[in-house]
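Step one of this worksheet: look at the structure below.
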Amino acid sequence: MTIGIDQLGLYTPPFFIDLRELATARGVEPDKYTIGIGQDQQAVAPSSQDVVTMGAAAAKEALAGQDLSKLGLLILATESGVDASKAGALYIHRLLGLPASMRVFELKEACYGGTAGLMMARDYVAAHPGKTALVIASDIARYGLATGGEVTQGAGAVAMVVAEAPRILAVNDDSALHADDIQDFWRPMYTDQALARGKYSTEQYIAFFDEVWATYREKTGRTLADHAAMLFHLPYTKMGLKALKTVLAEATPAAQERLLAQYQASIQYSRRIGNIYTGSLYLGLVSLLENSETLAAGDRLGLFSYGSGAVGEFFSATLQPQFRQAVPLHGHAPLLAQRKQLAIATYEQLFADSWPNDPSDYQSEPAWFAGPFVMSGVTGQERQYRAND
Ligand code: CAA
């Protein structure tokens, strides 16, 4: 049975900053951000946008035209969740009016969560013929103003409908895995800003990639040449390139050129949105499918997922005959083009205006309401979600 991604949705808030402006404000040479890190712009989420509202927006797009009566599983993968107990997936379930008879929960392992959810969904569909699953990877990456990680922030969500006979991508059962308890990046419960051992995290990312790539190559007998494109978790776009370059010499010059060109197609959206943690690998997938004109049905893609802490997984996926109808070229270009650029001072004000970490009530600023759903405020320690009408 072929199982994989039948439909995709992508959402990012309609506000961004220009990273050359951020560099100037921070006294940094702008080329460091745009060339050294590989980021041009960064999505900014006002406090009325969180993993629930962004996830619901992406899922609304992914579910358009789907038979909801077949949906048996909803997974929200996130590492910037809004409650330590209740699954954010339940708010999304209500906002989208999904059937009551289904499994609904939240899942966490840093940026690996989206892949964990995808694999769980594939196994669910295999065990329940005729059923479908919805996987949402939604996050706001926050490191803090004027921190080393600030340039790698971002916000957005990717949603995937997983089904039998998928129109876009078959997810193959060929994973190579590596897990180890390391302390490269984490977020203590008291704060919404992540802590990272920056250099160590990049070294570990590469070490995990090299490990799972070697295992995958040995297990499947495949080489780089068997892959039309290699996709990476993208905390910033230079990161995936650093990993790819550790193995690129294994390929012929022609294959190297092809893989580097496809890599460029895969990072177009991340360069303008930033890190969306659980969704970053799949943002790269959407970007590749919408910005590469040389892909064909039957092409095999290699995907590297990395979640700090840490878990690495490499697997392949095969493009299906209807992929181009399901993912039109440049389909999400308007979502990015229609965003509003913010001055750095405005971004700093929005960054400081977050919901309280104490029992007081809070009202999100209506002037910043955007997208199909909003978190209008917190009343009696309960978050208030509604359609943005
Ligand atoms: N022109 C061009 N390039 C320049 C430059 C200039 N004027 N100035 C500097 N550069 C280059 C540097 O040479 C360097 O290039 P290489 O990496 O190729 O050597 C690059 O810009 C970055 O410079 P630094 O190493 O000095 O950058 P930094 O010390 O400010 O830290 C960072 C960068 C570690 C990524 C930091 O932003 C950070 O901590 N980010 C958060 C953690 C992170 O994203 N880790 C990634 C792996 S963990 C993961 O994947 C999970 C996750 O999602 C977080």
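Would you be able to say whether some residue in segment 38-48 is part of a helix (DSSP H, G or I), of a type outside the set (Gly, Ala, Ser) and within 13 Å of the ligand (Cβ to nearest atom)? Checking segment 38-48: not a single residue is part of a helix (DSSP H, G or I), of a type outside the set (Gly, Ala, Ser) and within 13 Å of the ligand (Cβ to nearest atom).
Could you please let me know if residue 328 is surrounded by fewer than 24 Cβ atoms within 10 Å (Cβ to Cβ), over 22 Å from the mean Cα position of the chain (by Cα) and more than 24 Å from residue 247 (Cβ to Cβ)? In short, no. Would you check if residue 262 is buried (at least 20 other Cβ atoms within 10 Å of the Cβ), within 15 Å of the chain's Cα centre (by Cα), away from the ligand (no atom under 16 Å from the Cβ) and not charged (D, E, K, R)? Answer is no for this residue. Hey, could you check segment 1-25 for residues that are buried (at least 17 other Cβ atoms within 10 Å of the Cβ) and farther than 28 Å from residue 55 by Cα and say which is farthest from the ligand (Cβ to nearest atom)? Per the stated criteria, the residue is 21. The numbered conditions (1) in contact (Cβ under 8 Å) with a residue 60 or more places away in the chain; (2) away from the ligand (no atom under 16 Å from the Cβ) are all true for residue 87 except (1). Residue 348 meets the conditions (1) surrounded by 13 or more Cβ atoms within 10 Å (Cβ to Cβ); (2) outside any helix (DSSP H, G or I) in every case but one. The failed one is (2). Within segment 361-386, if we keep just the residues that are open to solvent by less than 40 Å² (accessible area, probe 1.4 Å) and of a type in the set (Gly, Ala, Ser), the residue that is nearest to residue 84 (Cα to Cα) turns out to be 377. For residue 377, the criteria (1) assigned to a loop (DSSP other than H, G, I, E, B); (2) modelled with pLDDT of 95 or more; (3) within 19 Å of residue 57 (Cβ to Cβ) hold in every case but one, which is (1). Across segment 155-195, the number of residues qualifying as of a type outside the set (Ser, Thr, Tyr) and within 16 Å of the ligand (Cβ to nearest atom) comes to 19. Checked against (1) in contact with a Phe, Trp or Tyr (Cβ under 7 Å, 6 or more places away or on another chain); (2) open to solvent by 40 Å² or more (accessible area, probe 1.4 Å), residue 314 meets all criteria but (2). Among the residues making up segment 235-254, those that are within 16 Å of the ligand (Cβ to nearest atom) and of a type in the set (A, V, I, L, M) are 239, 241, 243, 244, 248. Please find, within segment 196-217, the residue that is farthest from the ligand (Cβ to nearest atom) out of those that are in contact with a strand residue (DSSP E or B) (Cβ under 6 Å, 6 or more places away or on another chain) and aliphatic (A, V, I, L, M). Among those that are in contact with a strand residue (DSSP E or B) (Cβ under 6 Å, 6 or more places away or on another chain) and aliphatic (A, V, I, L, M), it is 212. The residue pairs whose first member lies in segment 20-31 and is in a loop (DSSP other than H, G, I, E, B), whose second member is within 12 Å of the ligand (Cβ to nearest atom), and whose beta carbons are closer than 7 Å, counting only pairs six or more residues apart or on different chains, are 29/23.
Each row is one residue, and each column tells you yes or no for (1) in contact with a helix residue (DSSP H, G or I) (Cβ under 9 Å, 6 or more places away or on another chain); (2) crowded, with 24+ Cβ neighbours inside 10 Å; (3) within 26 Å of residue 388 (Cα to Cα).
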{"position": "74", "(1), (2), (3)": "yes, yes, yes"}
{"position": "80", "(1), (2), (3)": "yes, no, yes"}
{"position": "84", "(1), (2), (3)": "no, no, yes"}
{"position": "96", "(1), (2), (3)": "yes, no, yes"}
{"position": "107", "(1), (2), (3)": "yes, no, no"}
{"position": "111", "(1), (2), (3)": "yes, yes, no"}
{"position": "115", "(1), (2), (3)": "yes, yes, no"}
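Kindly list the number of the only condition in (1) in contact with a Gly (Cβ under 9 Å, 6 or more places away or on another chain); (2) more than 29 Å from residue 143 (Cα to Cα) that fails for residue 278. Of the numbered conditions (1) in contact with a Gly (Cβ under 9 Å, 6 or more places away or on another chain); (2) more than 29 Å from residue 143 (Cα to Cα), the odd one out for residue 278 is (2).
The values are calculated or read from the model by the stated rules, or taken from the named source; none is laboratory data. A quick note: this is a predicted structure, and the numbers were derived from the prediction, not measured. All Cβ positions, glycine included, derive from the backbone under ideal geometry; neighbour counts span all protein chains shown. Areas reflect the complete protein model, heavy atoms only, side chains present, ligands, DNA and RNA absent. Shrake-Rupley method; radii C 1.70, N 1.55, O 1.52, S 1.80 Å.
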